[in-house]
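Asks: Pasting in a structure now, in structure tokens, and then I'll have a few things to ask.
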Amino acid sequence: GEQVEQLPSSLIVQEGASVLINCSYTDSASVYFPWYKQEPGKRLQFIIDIRSNMERKQTQRLTLLFDKKTKHLSLHITATQPGDSAIYFCSATNSAGNKLTFGIGTRVLVRP
Amino acid sequence: EAAVTQSPRNKVAVTGGKVTLSCNQTNNHNNMYWYRQDTGHGLRLIHYSYGAGSTEKGDIPDGYKASRPSQENFSLILELATPSQTSVYFCASGDAPGRNERLFFGHGTKLSVL
């Protein structure tokens, strides 16, 4: 079945710096890749997504890049704020569209 | 905003006991899911449902049952709880059947099996 790998597992940055989270998947038939954010003590929330027919998607300070050939995604967060401190999850939807596979998450800490 | 409510928020159970985790959604979503979150594994799918009366096995269904008596409610049942089932459990509902589905999650239930 699908496997999703995320790196790094954790990182610490100063407020204002940028963050890059890498994600790779194994099933070349996967077509949809939503990302979720889990702030401390809060529920997971959808933050951005991309389909396999796109290469780039941007919303506010988030940019998501997708390379279908290498089966790789990267999430770039610019001008980080303490509120960006959270665990970020990459995920991939299988070709049948009925299951979402998550990566192990990347814990981001933004120091003020 | 979409609302998914889990109960209880925390639960301590004894080995061999029966545990029922409940989930209620007011989004009128057809799809509902149960995941567990463990360090080093991320979220793993246990059971899911396409609608009232339906349950499907996810990636790690062993030791768990699920029940979807209505559109709003989806329960996860541990008939004979074991310490390996100590985890944080998340329920979610989905807003778009098919391949573009975004999930709405509950706050999670922290289960400790002693």
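Asks: Please compute the modelled spin-label separation between residue B:50 and residue A:68, points set 7 Å along Cα→Cβ, answer in nm with one decimal.
Replies: 2.7 nm
Asks: Tell me, what is the per residue accessible area of chain A in Å², probe radius 1.4 Å?
Replies: Averaged over the residues of chain A, the accessible area is 48 Å².
Asks: Something else: Could you sort out which of A:99/B:11; A:71/B:65; A:57/B:57; A:71/B:11; A:68/A:99 sit more than 31 Å apart by Cα distance in this structure?
Replies: Cα-Cα > 31 Å for A:71/B:65; A:57/B:57; A:71/B:11; rest within.
Asks: Which one of A:60, A:95, A:4 has its Cα pushed farthest toward the positive end of the charge dipole of the stretch A:2-112, where Lys and Arg give +1 and Asp and Glu give -1 at the Cβ?
Replies: Value computed over the given set: A:60.
Asks: Here's a follow-up. Taking the Cα centre of the protein assembly as shown as origin, sum charge times position over the Cβ atoms of Lys and Arg (+1) and Asp and Glu (-1), and report the length of that vector in debye to the nearest 20.
Replies: In debye, rounded to 20, the protein assembly as shown gives about 140.
Asks: Further question: Report the calculated FRET efficiency for residue B:57 and residue A:15 (r = Cβ-Cβ distance, R0 = 35 Å), to the nearest 0.05.
Replies: Between residue B:57 and residue A:15 the formula returns 0.20.
Asks: Okay, moving on. Restricting things to Cα coordinates, could you compute the convex hull volume per residue of the protein assembly as shown in Å³?
Replies: Considering the Cα atoms of the protein assembly as shown, their hull volume per residue is 115 Å³.
Asks: Determine the equivalent ellipsoid of the stretch A:18-112 by diagonalising the alpha-carbon gyration tensor, then write out the semi-axes as square roots of 5 times the eigenvalues, largest first, rounded to whole Å.
Replies: Semi-axes from the Cα gyration tensor: 23, 15, 10 Å.
Asks: Let me ask something else about it. In whole Hz, with x marking every Gly and Pro, tabulate ³J(HN,Hα) for the stretch A:18-23 from phi via Karplus 6.51 cos²θ - 1.76 cosθ + 1.60, θ = phi - 60°.
Replies: 9, 10, 10, 10, 9, 9
Asks: With a ≥ b ≥ c taken as the square roots of the eigenvalues of the C-alpha gyration tensor of the stretch B:6-51, please select rounded if a/c is under 1.5 and otherwise prolate if a/b is larger than b/c or oblate if it is not?
Replies: Cα axes put the stretch B:6-51 in the oblate bin.
Asks: First compute the accessible area of the protein assembly as shown with a 1.4 Å probe, then give the percent of it belonging to carbon and sulfur atoms.
Replies: Its accessible area is 49 percent carbon and sulfur atoms.
Asks: Give me the tail of P(r) for the stretch B:48-91 as a percent: Cα-Cα pairs with distance above 14 Å.
Replies: Roughly 49 percent, once rounded to a whole number.
Asks: Ranked by accessible surface with a 1.4 Å probe, highest first, in what order do A:51, B:68, B:102 come?
Replies: I get B:102, A:51, B:68, largest accessible area first.
Asks: Another question, if that's okay. What nm distance separates the two modelled labels at residue B:65 and residue A:51, each placed 7 Å from Cα along Cα→Cβ?
Replies: Going by the 7 Å Cα→Cβ label model, 4.0 nm.
Asks: Taking +1 at the Cβ of each Lys and Arg and -1 at the Cβ of each Asp and Glu, which of A:13, A:106, B:63 sits farthest along the dipole of the protein assembly as shown towards its positive end, judged by Cα position relative to the Cα centre?
Replies: A:13
Asks: Which value, in square angstrom to the nearest 100, describes the accessible area buried between chains A and B on both sides, using a 1.4 angstrom probe?
Replies: 2000 Å²
Asks: Mind putting a number on the dipole of chain A about its Cα centre? Charges go on the C-beta only, +1 for Lys and Arg and -1 for Asp and Glu, and I need it in Debye to the nearest 20.
Replies: So the magnitude is around 140 debye.
Asks: Still on this model: Tell me, what is the FRET efficiency for residue A:59 and residue B:15 to the nearest 0.05, using R0 = 41 angstrom and their Cβ-Cβ distance as r?
Replies: That gives a FRET efficiency of 0.35.
Asks: In debye, nearest 20, what is the charge dipole magnitude of the stretch B:50-109 about its Cα centre with +1 on Lys and Arg Cβ and -1 on Asp and Glu Cβ, if you could check?
Replies: 60 debye
The values are calculated or read from the model by the stated rules, or taken from the named source; none is laboratory data. Here the structure is a predicted model, which means the values were calculated and not measured. As a convention, Cβ positions derive from the backbone with ideal geometry for all residues, glycine included, and neighbour counts pool all protein chains shown. Please note that ligands, DNA and RNA were not included when accessible areas were found on the heavy atoms of the full protein model with its side chains. Shrake-Rupley method; radii C 1.70, N 1.55, O 1.52, S 1.80 Å.
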